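Structure, as structure tokens:
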Amino acid sequence: LTMGPVGASESIRKALSMGPDRAVHVLDDGLHGSCALATSKVLAAVLGRLGPDLVLCGAESTDGRVQVMAHMLAERLGVAALTGARKLTVEGGLLTIERQTEEGVEVVAAQAPAVVSVWDTINEPRYPSFKGIMAAKKKPVQTLSLADLGVAAGEVGAAGASSAVVGQSRRPPRSAGVKITDEGAGGVRLVEFLASEKFV
């Protein structure tokens, strides 16, 4: 399931070549400029129709990087959110994840249906074979518009966004690091530097 412009179809076909049976593409000019809240509204409208037992998401998008989509989807669908998974186990209707934290590993479980977000360390992706690439061309991709989903154009896109990008800039070039030569007071200078950078 993806929401994006016409160009997203290339990513959909690549995903289909890696194993899925079918895909859904939400395609509508009115979606351009949607914030995370609006995106979750549209995706939840589709998921509500599909009725999945398990929704798998990445941890964050490569553009907005807000890391909240799984939580928003779970809230809108009224199901559990198991987030930040590095391992997922499914036994019947019980979903169990392991989540890495600063203190160690958390184990969290919930009954399906649920939304699970995973980090890229959860597995090694299956690389598409030639057979998979050819088969992907014939797999069904359902295209839905806002009208199909019953979502008003004013609730999404730039007009319905609850947040906006007010500016952008390139990352500044990396500067040379600070070198400390030990002439008897190197340890003190090192601690002073670490303190100035708020490491200690």
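Some observations on this one:
- Relative to the longest principal axis of the Cα atoms of the chain, the long axis of helix 186-196 makes an angle of roughly 40 degrees.
- For the pair S129 and E98, a Förster radius of 30 Å applied to the C-beta separation gives a FRET efficiency near 0.50, rounded to the nearest 0.05.
- Over region 90-164, the fraction of Cα-Cα pairs per 5 Å bin, rounded to whole percents and listed from the shortest bin up, is 3, 9, 10, 10, 11, 15, 20, 17, 6, 0.
- When the solvent-accessible area of the chain is split by element, carbon and sulfur atoms take up 54 percent of it, the probe being 1.4 Å.
- Loop-located GluC sites (Glu not before Pro) in region 13-112 (DSSP state other than H, G, I, E, B) with a sparse environment of at most 13 neighbouring Cβ atoms within 10 Å: E102, E103.
- Reciprocal of mean inverse Cα separation for region 17-124 (Kirkwood radius, Å): 14.9
- Calculated mean residue ellipticity, 222 nm, the chain: -8000 deg cm²/dmol, from DSSP H runs (n ≥ 4) at -39500 (n - 2.57) each, averaged per residue and rounded to 500.
- Largest to smallest principal axis extent of the C-alpha atoms in region 1-61, angstrom: 30, 28, 23
- With the convex hull drawn around the C-alpha atoms of region 80-133, the volume per residue stands at 101 Å³.
- Taking trypsin sites (Lys or Arg not before Pro) as exposed when DSSP calls them loop and at most 15 other C-beta atoms lie within 10 angstrom, the chain has its longest site-free stretch at 66-125.
- Cut-off 12 Å between beta-carbons: net charge of the residues surrounding L88, Lys and Arg +1, Asp and Glu -1: +1
- Beta bridges by DSSP in region 62-187, antiparallel share as percent, to the nearest 5: 75
- The chain, accessible area per residue, ligands and nucleic acids excluded (1.4 Å, Å²): 69
- Here, the chain has an Rg and a Dmax of 22.2, 73 Å when only alpha carbons are counted.
The values are calculated or read from the model by the stated rules, or taken from the named source; none is laboratory data. Because the structure is predicted, anything quoted here is derived from the model rather than measured. No Cβ is skipped: glycine too gets one built from the backbone with ideal geometry, and neighbour counts run over all protein chains shown. Remember, those area values only see protein heavy atoms, side chains included, never the ligands or the DNA or RNA. Shrake-Rupley method; radii C 1.70, N 1.55, O 1.52, S 1.80 Å.
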